[in-house]
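Student: This is the structure I want to talk about, given as structure tokens.
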Amino acid sequence: MLDRTASPLLSLIRRRRPGYSLEAPFYTSPEIFAADLEAIFEQTWLFVGVEPDVPEPGDAMTVDIGANAILIVRDDDMQVRAFHNVCRHRGARLVHEEKTTVGNLVCRYHSWTYDLSGALIHAEHMGSEFDRKCHGLKPVHVRSLEGLIFICLADEPPADFDEMAAAMGPYLAPHDIRNSKVAFQHDLIEPGNWKLTMENNRECYHCGANHPELTVPLFAYGFGFAPEELDEAEREQAARYGCLTDDSHAEWEKAGIPSRMLEHLDDMVTGYRTERLPLDGDGESHTMDTKAACRIPMGRFPSAKMGGLHFWTQPNSWHHFMGDHAVTFSVIPIDAERSLLRTKWLVHKDAVEGVDYDLENLIGVWMATNAQDSELVGFCQNGARTTAYEPGPYSPHTEMLVDKFCNWYIGRMREHFDPSTPAL
């Protein structure tokens, strides 16, 4: 609970001005980055992957959150488990690959061996008094939300995950994520603080000027606009979008597909937002021609035109689920000025590349969009380093969700470092 910067952390937290971007040290300071890891990434539920990352018993994946190395495995009973990826002997990392398949978990250093439940089953030369039961792998809290894997490093994870899961389960279940496969994964190092990556995702103010591929089927108006600034043609476009959204929601809800917006971005610790949004024209998916990229449907839907289900979670993920494929995004902080954006494209597990889908068509829109967003994040990071930077006002029409992300962030920091001031 220390003040960690030349501008004390508590002062920066307390004087945050709602409706404005954060002060520069929140984006540039190594000390505040360390505080972020402690208060945010070691205390909240983090999205780290999907069950198709570990589809069979013995499949394992690793992810690093700050200094913490995490191991996720599928055990022999098909349960997904998570452990600290650290041998209980001398602390060596157990699994070094990002993905692999194992029988047991064997430390390369001295061959201490753990089964997939984390129990230590072999340790030579430790003497007759050594109790293997006291040296199993340290577990990490893990939850699967209809196939989306979340972990929490805290001893007591936020209990409101259950509330979020109860609300989101019916939205996600029709997409049948557990019966999909990861068709492609792309890791992009963005030249910016993790909060800038998240802030960029929480608005589409920038979409029209920067994302020609994404806005082929996506309405930028779906994330807000200033009505008094629209010309006649733009007003007609906005009105058409409003009618399409209302009609689509009514049709989807009648078919038993939850579609209406749920938003708890800054009034829950496990903050989230969801809505199923229509795609333009005859749009079926996020592809350049708006048609389905995979000819085998991924979920259970009455039509190929199911729009795109958007699902955001605080602090580090967003997702787009269509009728034929899904795209998941996780943001993992690297240091104060770099972040890992990990993107996974999912299709039905039986779909065959080159037969049922063309990979370039599947990933084209978001590969282009991610690269464009990364450049924009870098612009803001460079600006935050300058003496000219000062927090700027958010648009009340198009950046209200960015403000909610910052509200959530400041609330978590205040709760951790300044608990005498209620966060929620």
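Student: Please give the strands (runs of 3 or more DSSP E) falling wholly within segment 313-352 in which 2 or more residues are touching a helix residue (DSSP H, G or I) at 6+ places or on another chain (Cβ under 7 Å), crowded, with 24+ Cβ neighbours inside 10 Å and touching a residue at least 60 places away in the same chain (Cβ under 8 Å).
Tutor: Working: elements: 317-321, 326-335, 338-348.
Per the criteria, 338-348.
Student: Between Glu399, Glu360, which is of a type in the set (Asp, Glu) and in contact (Cβ under 8 Å) with a residue 12 or more places away in the chain? Reasoning before the result, please.
Tutor: Values: Glu360 fails: in contact (Cβ under 8 Å) with a residue 12 or more places away in the chain.
Result of the check over Glu399, Glu360: Glu399.
Student: Mind listing whichever residues of segment 200-221 are open to solvent by 20 Å² or more (accessible area, probe 1.4 Å) and either in a helix (DSSP H, G or I) or within 25 Å of Tyr409 (Cα to Cα) (or both)?
Tutor: Residues of segment 200-221 that are open to solvent by 20 Å² or more (accessible area, probe 1.4 Å), as a first pass: 200-201, 203, 205-206, 208-210, 212-213, 215-216, 220-221.
Listed by number, the residues that qualify are Asn200, Asn201, Glu203, Tyr205, His206, Gly208, Ala209, Asn210, Ala220, Tyr221.
Student: As an exercise: evaluate Asp373 against (1) open to solvent by 40 Å² or more (accessible area, probe 1.4 Å); (2) closer than 24 Å to Thr274 by Cβ; (3) in contact with a helix residue (DSSP H, G or I) (Cβ under 8 Å, 6 or more places away or on another chain) and give the number of the one condition it does not meet.
Tutor: Of everything listed in (1) open to solvent by 40 Å² or more (accessible area, probe 1.4 Å); (2) closer than 24 Å to Thr274 by Cβ; (3) in contact with a helix residue (DSSP H, G or I) (Cβ under 8 Å, 6 or more places away or on another chain), Asp373 misses just condition (1).
Student: Out of curiosity, is Ser144 closer than 28 Å to Glu38 by Cα, in contact with a helix residue (DSSP H, G or I) (Cβ under 9 Å, 6 or more places away or on another chain), open to solvent by 20 Å² or more (accessible area, probe 1.4 Å) and of a type in the set (Ser, Thr, Tyr)?
Tutor: yes
Student: Output the residue which, of all residues in segment 258-286 that are within 13 Å of Phe223 (Cα to Cα) and assigned to a loop (DSSP other than H, G, I, E, B), is modelled with the highest pLDDT.
Tutor: Among those residues, the one meeting the criterion is Met261.
Student: Another question, if that's okay. Considering every residue within segment 235-255, establish whether at least one is open to solvent by 50 Å² or more (accessible area, probe 1.4 Å), in contact with a helix residue (DSSP H, G or I) (Cβ under 9 Å, 6 or more places away or on another chain), of a type outside the set (Gly, Ala, Ser) and more than 15 Å from Met306 (Cβ to Cβ).
Tutor: yes
Student: Taking Ala226, is it out of contact with any Leu (no Cβ under 8 Å at 6 or more places or on another chain), among the small types (Gly, Ala, Ser) and open to solvent by 20 Å² or more (accessible area, probe 1.4 Å)?
Tutor: Working: out of contact with any Leu (no Cβ under 8 Å at 6 or more places or on another chain): yes; among the small types (Gly, Ala, Ser): yes; open to solvent by 20 Å² or more (accessible area, probe 1.4 Å): no.
Taking the combined requirement at face value, the residue does not satisfy it.
Student: Let me ask something additional. Within the bounds of segment 171-187, is there any residue that is open to solvent by 20 Å² or more (accessible area, probe 1.4 Å), touching a Ser or Thr at 6+ places or on another chain (Cβ under 6 Å) and either farther than 30 Å from Arg74 by Cα or not in a helix (DSSP H, G or I) (or both)?
Tutor: Yes, segment 171-187 contains a residue that is open to solvent by 20 Å² or more (accessible area, probe 1.4 Å), touching a Ser or Thr at 6+ places or on another chain (Cβ under 6 Å) and either farther than 30 Å from Arg74 by Cα or not in a helix (DSSP H, G or I) (or both).
Student: Open to solvent by 20 Å² or more (accessible area, probe 1.4 Å), charged (D, E, K, R) and touching a residue at least 60 places away in the same chain (Cβ under 8 Å) - does that describe any residue in segment 92-112?
Tutor: Taking segment 92-112 as the starting set, the residues that turn out to be open to solvent by 20 Å² or more (accessible area, probe 1.4 Å) are 92-93, 96-104, 106, 108-111.
Still in the running and charged (D, E, K, R): 93, 97-99, 108.
Pick out the ones that are also touching a residue at least 60 places away in the same chain (Cβ under 8 Å) and you get none.
No, because not a single residue in segment 92-112 is open to solvent by 20 Å² or more (accessible area, probe 1.4 Å), charged (D, E, K, R) and touching a residue at least 60 places away in the same chain (Cβ under 8 Å).
Student: Tell me, which helices (runs of 4 or more DSSP H) wholly within segment 1-96 include 1 or more residues that are of a type in the set (Ser, Thr, Tyr)?
Tutor: The helices (runs of 4 or more DSSP H) meeting that bar are 9-14, 25-28.
The values are calculated or read from the model by the stated rules, or taken from the named source; none is laboratory data. Just so you know, these numbers come straight off a predicted model, no measurement behind them. Note that each Cβ is placed from the backbone with ideal geometry, even for glycine, and that neighbours are counted across all protein chains shown. Surface areas here come from the heavy atoms of the whole protein model, side chains and all, with no ligands, DNA or RNA. Shrake-Rupley method; radii C 1.70, N 1.55, O 1.52, S 1.80 Å.
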